[in-house]
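Student: Pasting a structure here, questions to come.
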Amino acid sequence: MTSPSFDFDAPDHFTAGTVGPPGQRVFYLQARDAGTLTTLKVEKEQVRALAEYLEKLIARLPAGTEAAPRDLLLLEPLEAAWSVGTIGVGYDKERDRVVVEAQEQLEEEEGSAEPAMARFRLTRAQAAAFVGRAQAVIKGGRPICPFCSGPMDPDGHVCPRQNGHVVH
C-alpha cells in the first residue's frame, strides 16, 4: 500500500510537538494548508537536527518582514500519515521560501515501494518560529546525565561512565 504524499505550497501552520510523558514521548511534525492538516511521526533527533539547520540557514538570510506565527501547538486530529526517514532543507530564492522535504521511512519488506514525500514551503518567519518551538519541545524532555550525556529517568539511570552505578 502506498502512503500519501503532500505538497504544502503556503502552509498557515507548521510545527513540531510531542504526546506523552518524558521518556515515552512521540514526536510529530505537523502542517496545515488550505484546510488540509497533515501530521508526520518523527524522531527527537530529527526535530533537533532540523531546528539546528534551519537556525543556521535563517541566520544567513536577510531579515524578513512577515509576522511570526503565534499558535504552534499540535492540532487535532493527531493521526500520523507515516513515519519520516529523512529530512532535507533548501532555500527557494526566487519565491523567498525555506523548503523542508520529508521522505517516508519504509520497512525492509517494502523495499520495492516508492517512499511518500512531504514538501513544506515556509516563510522565514515560520521557519524561525519552528526553531523556537522545536527547541522548547526538546528541552521539555528528560534531564541529561552530566557524566554520560544520556537521558535520566525520574529515578535516575544506570550510568556507564560511573561503572554501572545509578545517577540521580
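None of the figures in this text is laboratory data; all of them are computed from the coordinates on show. Given the structure is predicted, the values throughout are model-derived calculations rather than measurements. Reconstructed Cβ throughout: ideal geometry from the backbone, glycine too, with neighbour counts over all protein chains shown.
Student: Whole-Hz Karplus ³J(HN,Hα) for the range 147-159, in order, using 6.51 cos²θ - 1.76 cosθ + 1.60 and θ = phi - 60°, x for Gly and Pro?
Tutor: 9, 10, 6, x, x, 10, 7, x, 8, x, 8, 7, 9
Student: If you don't mind, there's one more thing I want to ask. Find out how many positive minus negative residues lie around VAL166, taking Lys and Arg as positive, Asp and Glu as negative, among other residues whose Cβ is under 15 Å from that of VAL166.
Tutor: Around VAL166, the surrounding residues sum to 0.
Student: Taking every DSSP beta bridge with both residues inside the chain, roughly what % is antiparallel (nearest 5)?
Tutor: Counting only bridges with both partners in the chain, antiparallel ones make up about 90 percent.
Student: Would you mind ranking PHE147, PHE14 so that the residue whose beta carbon has the fewest other beta carbons within 10 Å leads the list?
Tutor: Lowest to highest Cβ neighbour count: PHE147, PHE14.
Student: A further question on this structure: Find out how many positive minus negative residues lie around PHE120, taking Lys and Arg as positive, Asp and Glu as negative, among other residues whose Cβ is under 10 Å from that of PHE120.
Tutor: -1
Student: Label-point separation (nm) for ARG119 and ALA67, each offset 7 Å from Cα along Cα-to-Cβ?
Tutor: About 2.9 nm, to one decimal.
Student: Students often check this: by mean Cβ neighbours within 10 Å, which of 60-69, 75-84 ranks highest, and how do the rest follow?
Tutor: Those peptides, ordered most packed to least, come out 75-84, 60-69.
Student: Exposure proxy check: VAL19, VAL99 ranked by fewest other beta carbons within 10 Å?
Tutor: The most exposed by this proxy come first: VAL19, VAL99.
Student: Run the dipole for the range 90-138 about the Cα centre, Lys and Arg Cβ at +1, Asp and Glu Cβ at -1, nothing else charged, and hand back the magnitude in debye, nearest 20.
Tutor: Computed charge dipole of the range 90-138: roughly 700 debye.
Student: Assigning unit charges at the beta carbon (Lys, Arg +1; Asp, Glu -1) and nothing else, what dipole magnitude in debye, to the nearest 20, does the chain show about its Cα centre?
Tutor: Approximately 880 debye in magnitude.
Student: Specify, per residue and in Å³, the volume enclosed by the convex hull of the alpha carbon atoms belonging to the chain.
Tutor: Dividing the Cα hull volume of the chain by its residue count gives 149 Å³.
Student: Follow-up question, since we're still on this one. Using a Gaussian network for the chain with springs between C-alpha atoms less than 10 Å apart, which of these wobbles most: GLN126, GLN105, GLN24?
Tutor: Comparing GLN126, GLN105, GLN24 in the GNM, the peak value goes to GLN24.
Student: Counting helices only, and only those DSSP H runs with n ≥ 4, report the 222 nm mean residue ellipticity of the chain as the sum of -39,500 (n - 2.57) divided by its residues, in deg cm²/dmol to the nearest 500.
Tutor: Rounded to the nearest 500, it is -6500 deg cm²/dmol.
Student: Could you derive backbone 3J(HN,Hα) for the range 80-95 from the dihedral phi with the Karplus parameters 6.51, -1.76 and 1.60 (θ = phi - 60°), listing whole Hz in sequence and x where the residue is Gly or Pro?
Tutor: The phi angles translate into 6, 5, 5, 8, 7, x, 10, 10, x, 10, x, 10, 8, 5, 4, 9 Hz.
Student: Report the residue, chosen from PRO22, PRO146, PRO115, that carries the largest GNM mean-square fluctuation when the chain is represented by alpha-carbon nodes joined by springs under 10 Å.
Tutor: Answer for the Gaussian network model of the chain: PRO146.
Student: Add +1 for every Lys or Arg and -1 for every Asp or Glu among the other residues with Cβ under 13 Å from the Cβ of ALA16, and state the total.
Tutor: +3
Student: Once you have the Cα-Cα distance between ALA80 and LEU57, take 0.36 nm times their residue separation minus that, and quote the gain in nm to one decimal.
Tutor: In short, 5.5 nm is gained.
Student: Which of ALA63, GLY90, TYR53 sits farthest toward the positive end of the charge dipole of the range 1-101, with +1 on the Cβ of Lys and Arg and -1 on the Cβ of Asp and Glu?
Tutor: The one lying farthest along the dipole's positive direction is TYR53.
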